[in-house]
Structure formats: C-alpha cells, structure tokens
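Right, one structure below, let's go through it.
Computed from the coordinates by the stated procedures, all read-outs in this text should not be read as laboratory data. The structure displayed is predicted, hence computed values, not measured ones. As a convention, Cβ positions derive from the backbone with ideal geometry for all residues, glycine included, and neighbour counts pool all protein chains shown.
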Amino acid sequence: MGKISTKNIAEAIYKTAKDKSGAELKHALGLSVEFLAKKNLLSKAPEILKHLEQVKNQDLRVVSATVTSSSPLTKYTSDEIRHALKKRYKAEDVIVELQEDKKLIGGIKIEANDEIIDLSFKNKLHQLQAHLLTN
C-alpha cells in the first residue's frame, strides 16, 4: 500500500465530519485523531489542518487570499480586490488577509488558490530588465 498524503487525509476527515454535529461530530473527529495517532501522523497535524481548511473552502466556494502591498490599502481598494477575486474564482465569499512589505516599492501581490498575481512595481521592473537583457 502506498503512502497516504496529508491532503487525502484532510479530504477524508472533511467528508467524514461534513453535515455532522454534536456527539456524532465528536465521535467522527475522535476516530480521525485515533487514526492519526495509530499511523504516527500527529506531527503532521498543522499540514493536515491547512489542507482541511482548503478542502472546506473549496466545498463552500470560499477563496482565501493574501494581499501584500507596500503601504496600507484603503477600504475601497480592498473591497475592489475582494470583488475581483470573487468574480475571478466564482466564489461565494473571499477572505482577504492584508500584509505590508516595504520592499515592493508599489503595487500589490495577491496569493489565492495556489496562484500568485504579482502586480508590484518591483516585479514589473524585473520583467522589464529581463526583456531588455534578452532583446
């Protein structure tokens, strides 16, 4: 038998726990923890939880995004980014985590659904530099 991936474990836990509540949910999660302990996978819990959140978000059509900018974004700008991501990923909801990185010079960088959308000036300068060096 092959190795079980943390992503597959997370999917199995989600399917087992979905639509359960109370004692039934507690029992299902208890069995999941027993399985992880038996297979010596408790040390992989943070990775499994990360995948579990991704599986849940995908099922509920929720996109989680990290938006990095050189300076704080206005509410209008963050709302526009949220709206654009909702449309791009056909999501019911978008959870945006805002971060600042002074090294970006300007613009923004968005990480969502295993995709990076780099609209920073720093990236544009690197693209221009690469283009000038190759042509």
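For the stretch 19-90, the list of trypsin sites (Lys or Arg not before Pro) that fall in a loop by DSSP and count at most 16 other C-beta atoms within 10 angstrom reads 20, 39, 61, 90. Hey, which of these cross-link pairs are over 29 Å Cα-Cα: 75/122; 20/75; 44/87; 26/56; 7/75? Long pairs (Cα-Cα over 29 Å): 20/75; 44/87; 7/75.
What's the magnitude of the charge dipole for the stretch 41-125 around its Cα centre, counting Lys and Arg as +1 and Asp and Glu as -1 at the beta-carbon? Answer in Debye, nearest 20. Numbers along the way, then the final one.
Numbers: 15 positive and 14 negative charges, 43 e Å.
Using Cβ point charges on Lys, Arg, Asp and Glu, the stretch 41-125 gives about 200 debye.
Among 37, 17, 65, the largest mean-square fluctuation in a Gaussian network model of the chain, built with springs joining Cα atoms closer than 10 Å, belongs to 37. The angle between the Cα long axis of helix 22-38 and the main principal axis of the chain comes to about 80°, on a 0 to 90 degree scale.
Between the C-alpha center of the stretch 57-135 and that of the stretch 17-45 there is a gap of 35 Å. What residue among 117, 13, 48 shows peak mean-square fluctuation when the chain is described by a Gaussian network model with Cα springs under 10 Å? Highest fluctuation among the options: 117. Given axes a ≥ b ≥ c from the Cα gyration tensor, I'd like to know whether the chain is rounded (a/c under 1.5), prolate (a/b larger than b/c) or oblate. The shape class here is prolate. Using the Karplus relation 6.51 cos²θ - 1.76 cosθ + 1.60 with θ = phi - 60°, the per-residue 3J(HN,Hα) values for the stretch 10-19 come to 4, 4, 5, 4, 4, 5, 5, 8, 4, 6 Hz, with x marking Gly and Pro. The calculated 222 nm mean residue ellipticity attributable to helices in the chain amounts to -17500 deg cm²/dmol, summing -39500 (n - 2.57) over DSSP H runs of n ≥ 4 and dividing by all residues. Seen against the Cα atoms of the chain and their longest principal axis, helix 45-60 is set at about 80 degrees.
So which GluC sites (Glu not before Pro) in the stretch 60-135 end up in coil per DSSP with only 13 or fewer other C-beta atoms within 10 Å? Taking the stretch 60-135 and a limit of 13 other Cβ atoms within 10 Å, the loop GluC sites (Glu not before Pro) found are 92.
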